[in-house]
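To keep things clear, I will list the structure first and then write my remarks on it.
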Amino acid sequence: LSVPYRHADTRGTLRFQYDELLALAREAHDAGWRIATHAIGDTAIDQVLRVYEACGRGPTRHRIEHFGLPTADHLARAARAGVIAVPQTVFVHALGRNFRQYLPDALVARAYPVRAMLDAGVTVALSSDAPVVEDDSPLRGMQAALLRRDADGEAIAPGEAIAIDEALDAYTRGGAVASGDDADRGRLQPGMQADLAVLSGDPRAIPPEALTSLRVTQTWVGGQQVYES
């Protein structure tokens, strides 16, 4: 972090120095690989963005996993560089109590700001980060993206809530874009792989609070049914 945590005079840990991370990234970038770098904290995000900017545009778009606590400038730079954000709104539900306890108020307001990411033009792929959290259901993650409440019912940056169609897109098409598979996956349309789940109800027709009451009744992979409840 650029500032200390609330509970102690510490700012977390950078795993790499800039030059070291740049050398690693350039090797992968020049080989045409997609890079996915974990970064939580504004200082860490800034370092990764500077590395990606130094590498320049390539045949694939690079990713930042988590993308926790970015500034508005970070989001604008990520959009310009074509960086894909892979945040976990499920953390708002599962870890929000920790955010409130340990992060300064100014940083709590930037905890996984998916609304701001989308508004800045950043491609977002929501994920569960399983098995880090106990309930890794995409339905829980979508619910958290809409409600922005922690397990105690306390709001975490409520202005960063998104709509159900945006959450569905980020969990489907967004994931396919992030993995480089969007040419044949991530959408329901002719020519796609027909990897899909059938739910017990329409997530767009129920209140966000009821999303976790839905069940997966069928799962299809490549057009073949592999699960039925």
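Mind checking which residues of the range 81-129 are in a helix (DSSP H, G or I), hydrophobic (A, V, I, L, M, F, W, C), under 21 Å from Leu168 (Cα atoms) and without any contact (Cβ under 8 Å) to a residue 60 or more places away in the chain?
If the condition is that a residue be in a helix (DSSP H, G or I), hydrophobic (A, V, I, L, M, F, W, C), under 21 Å from Leu168 (Cα atoms) and without any contact (Cβ under 8 Å) to a residue 60 or more places away in the chain, then Val90, Phe91, Ala94, Val114, Ala116, Met117, Leu118 are the ones that fit.
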Within 19 Å of Ala210 (Cβ to Cβ), out of contact with any Ser or Thr (no Cβ under 7 Å at 6 or more places or on another chain) and at pLDDT 95 or above, is that true of Asp135? no
Of all residues in the range 165-174 being open to solvent by 30 Å² or more (accessible area, probe 1.4 Å) and not basic (Lys, Arg), which is nearest to Val221 (Cα to Cα)? Thr172
Starting from the range 143-172, take each residue that is at pLDDT 95 or above and list its partners that are surrounded by fewer than 20 Cβ atoms within 10 Å (Cβ to Cβ) and β-branched (Val, Ile, Thr), counting only C-beta distances under 8 angstrom and pairs at least six apart or across chains. Gln143/Thr212; Leu146/Ile164; Ile156/Val108; Ala157/Val108
Could you grab me the full set of residues in the range 15-72 that are of a type in the set (A, V, I, L, M, F, W, C), free of Cβ contacts under 8 Å to residues at least 40 places away in the same chain and outside any helix (DSSP H, G or I)? Phe16, Ala31, Trp33, Ile35, Ala39, Ile40, Ile64
Given (1) touching a residue at least 60 places away in the same chain (Cβ under 8 Å); (2) of a type outside the set (A, V, I, L, M, F, W, C); (3) under 30 Å from Thr60 (Cα atoms), number of the condition Asp195 does not satisfy: (1)
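The values are calculated or read from the model by the stated rules, or taken from the named source; none is laboratory data. These numbers come from a predicted model, not from an experiment. Methodologically, a virtual Cβ is constructed for each residue, glycine included, from the backbone with ideal geometry; neighbour enumeration extends over all protein chains shown. Calculation scope for accessible area: heavy atoms of the full protein, side chains included, ligands and nucleic acids excluded. Shrake-Rupley method; radii C 1.70, N 1.55, O 1.52, S 1.80 Å.
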